[in-house]
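The values are calculated or read from the model by the stated rules, or taken from the named source; none is laboratory data. Predicted model, so just to flag it, every value in this text is computed and none were measured. Note that we place each Cβ from the backbone using ideal geometry, even for glycine, and neighbour counts take in every protein chain shown. Side chains included, ligands, DNA and RNA excluded: accessible areas come from the protein's heavy atoms. Shrake-Rupley method; radii C 1.70, N 1.55, O 1.52, S 1.80 Å.
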Amino acid sequence: MFLVPEIFGDETKNNDNPFQSISKIQNLLPQPINPEFEYSRDLQKFLQGKRLLLDEIPFSLEELHDHYLHGYIQYEHGIITKSKIPKQFICQRCGNQNDALFASFACARCHEPACTYCRHCIMMGRVSQCTPLITWTVPVTNGQQTNTHVLNWTGQLSPGQQLASKKVVEAITNKNDLFVWAVCGSGKTEVLFQGILTALEQGKHVCVTTPRTDVVLELTPRLKQAFPQTPVISLYGGSDDRCKSAQLTIATTHQLLRYYKNFDVVIIDEVDAFPYSADATLQYAVEQTKKEDAATIYLTATPSEEFKRKAKMKKIDTVTIPARYHRHPLPVPTFHWCGNWKKQLHRKRSLPLKVQSWVVSHLQTEKQAFLFVPDIETLNKVVAVLQKEHPAIEGVHAEDQKRKEKVQAFRSGEIPIIVTTTILERGVTVPNTDVAVLGAEDSIFTESALVQIAGRVGRNPKYPTGEVIFFHYGKTNAMVAARAQILKMNKEGKRLGLLD
């Protein structure tokens, strides 16, 4: 049961509180819209297109409920019961239906001894049976958009990019879905520019979303520069834009759990990336954030087997960019056997001679490089060894408190070699760099991960070549498949006349 007075806590004990006269709402049906009601434009701006907990809304309880009574906002159950026998719950925010990810507690709000809440999305605030999710119900017409949008980009698209850009514009205009399969460094972001401009000029709300924070941080300045007169917000864990709204939103897929039927266009960059590819909750969040007739653009250099199958069977409109915009082939990885590196690192606190020589060579030539390793434990040991060679060498991983600062320092050239987990396999571009993988035989280095890692090299037209080395203790199918995929794309690009 959803208890309106109880969910608002002790404030309902005030006799002057308008909720005092309401005992309970069981069906939560929307109230009729009163066109004469003077609704709050600030509340509308804050809540439009979102589905939030009460604690996330900086407006008074009285004002919220007044808008509900006049049909401008709606209360929804945070947790609903799918079946009573056996009892099964659904979280309305994240879509969780896994019994193991629900728990109960003695609730001070509803006074129930066992109030169920969702553990799966609790990091974004607790959703329980007695807490509502609040949405704005009155739509804003596209004609209310008053911004003049300008595309500030004078670059020239390659033939492959031109075709993809045309397809993106068509998908957005016709409200269709499109899959863009583009190799690493092909200029996917530039391919989106004309489509985004078309959507913005039509008053549409656009979301560019990606599973990785690093990709959001990479995309944000580029899109702000490309659309200098367009309000842009960037959403990720710890973002300063969390309470803002804009016509162009760049967000991690996690942040979309707070949105509801808001976007006319959703562009999913790196659609195959973890955790989005493996988390049904994030896929649910993307679906919930789209309007019913929204266009969806899927982007990746390393599609899943599902997307490959859909493309082959023409179940989704697909365009492929098999070559980079600067018309140079993708760097092809080479395999270097380095023995039992784990044993050597653990017992002797040293690296194989081949790896050590590679590091020293890059320090001498002052050419920056990524060194990918399988896990954090390995990373810490490798960094400790390499800092003896050069104290500026750093390591970075997903749990690193200084992750953002270290990545920026690497971009600016302050860090000569950065040791990293797969967290930097995407979304970080350095003009002139090489790449090595230590322990490429580890299961964490899937075919797609290795292709993405190789894609860090040769992205800049001034530095179109570079070295990609997989140091290993035994070749794997993933390593062979990654190399084969890169060779296949180079062959296709040459066949189509896209390579010099």
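The single condition among (1) part of a loop (DSSP other than H, G, I, E, B); (2) open to solvent by 10 Å² or more (accessible area, probe 1.4 Å); (3) farther than 30 Å from residue 45 by Cβ that residue 100 does not satisfy is (1).
Rundown of residues vs (1) part of a helix (DSSP H, G or I); (2) surrounded by 10 or more Cβ atoms within 10 Å (Cβ to Cβ); (3) modelled with pLDDT of 90 or more, yes/no style:
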{"position": "19", "(1), (2), (3)": "yes, yes, no"}
{"position": "24", "(1), (2), (3)": "no, yes, no"}
{"position": "31", "(1), (2), (3)": "no, yes, no"}
{"position": "34", "(1), (2), (3)": "no, yes, yes"}
{"position": "37", "(1), (2), (3)": "no, yes, yes"}
{"position": "42", "(1), (2), (3)": "yes, yes, yes"}
{"position": "58", "(1), (2), (3)": "no, no, yes"}
{"position": "71", "(1), (2), (3)": "no, yes, yes"}
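For residue 352, state whether it is under 30 Å from residue 461 (Cβ atoms), modelled with pLDDT of 95 or more and touching a Gly at 6+ places or on another chain (Cβ under 8 Å). So residue 352 fails the test. Residues in segment 169-186 that are touching a residue at least 40 places away in the same chain (Cβ under 8 Å), farther than 12 Å from residue 320 by Cα and of a type in the set (A, V, I, L, M) were compared, and the one that is surrounded by the fewest Cβ atoms within 10 Å (Cβ to Cβ) is 171. Residue pairs whose Cβ atoms lie under 8 Å apart, sitting 6 or more positions apart in sequence or on different chains, and linking a residue in segment 302-323 that is under 24 Å from residue 425 (Cα atoms) to a partner that is part of a strand (DSSP E or B) and among the polar types (S, T, N, Q), are 307/300.
Residues in segment 205-221: is at least one open to solvent by 20 Å² or more (accessible area, probe 1.4 Å), closer than 27 Å to residue 43 by Cα and in a loop (DSSP other than H, G, I, E, B)? Checked against the condition, which is being open to solvent by 20 Å² or more (accessible area, probe 1.4 Å), closer than 27 Å to residue 43 by Cα and in a loop (DSSP other than H, G, I, E, B), segment 205-221 yields at least one hit. The criterion of at least 3 residues that are touching a residue at least 40 places away in the same chain (Cβ under 8 Å) and acidic (Asp, Glu) is met by none of the strands (runs of 3 or more DSSP E) wholly inside segment 330-412. Within segment 273-288, the set of residues being closer than 10 Å to residue 253 by Cα and of a type in the set (S, T, N, Q) comprises 281, 283.
None of 478, 409, 392, 384 is modelled with pLDDT of 95 or more, crowded, with 20+ Cβ neighbours inside 10 Å and not β-branched (Val, Ile, Thr) except 478.
Taken over segment 251-302, the criterion of being more than 24 Å from residue 44 (Cα to Cα), open to solvent by less than 40 Å² (accessible area, probe 1.4 Å) and not in a strand (DSSP E or B) is satisfied by 270, 271, 272, 273, 275, 276, 279, 281, 282, 301, 302. Take the conditions more than 23 Å from residue 341 (Cα to Cα) and either acidic (Asp, Glu) or surrounded by 24 or more Cβ atoms within 10 Å (Cβ to Cβ) (or both) and apply them to residue 428. Does it pass? No, not satisfied.
Of all residues in segment 443-475, those satisfying the criterion of being of a type outside the set (A, V, I, L, M), part of a loop (DSSP other than H, G, I, E, B) and open to solvent by less than 10 Å² (accessible area, probe 1.4 Å) are 445, 455, 456, 458. Is there any pair linking a residue in segment 467-492 that is touching a residue at least 24 places away in the same chain (Cβ under 8 Å) and over 17 Å from residue 328 (Cβ atoms) to one that is of a type in the set (Gly, Ala, Ser) and surrounded by fewer than 18 Cβ atoms within 10 Å (Cβ to Cβ), with Cβ under 7 Å and at least six apart or on different chains, and which? Listed by first residue and then by second, the contacts come to 473/339. Restricted to segment 305-329, and to residues there that are part of a helix (DSSP H, G or I) and either of a type outside the set (A, V, I, L, M) or farther than 30 Å from residue 460 by Cα (or both), the residue that is least open to solvent (accessible area, probe 1.4 Å) is 307.
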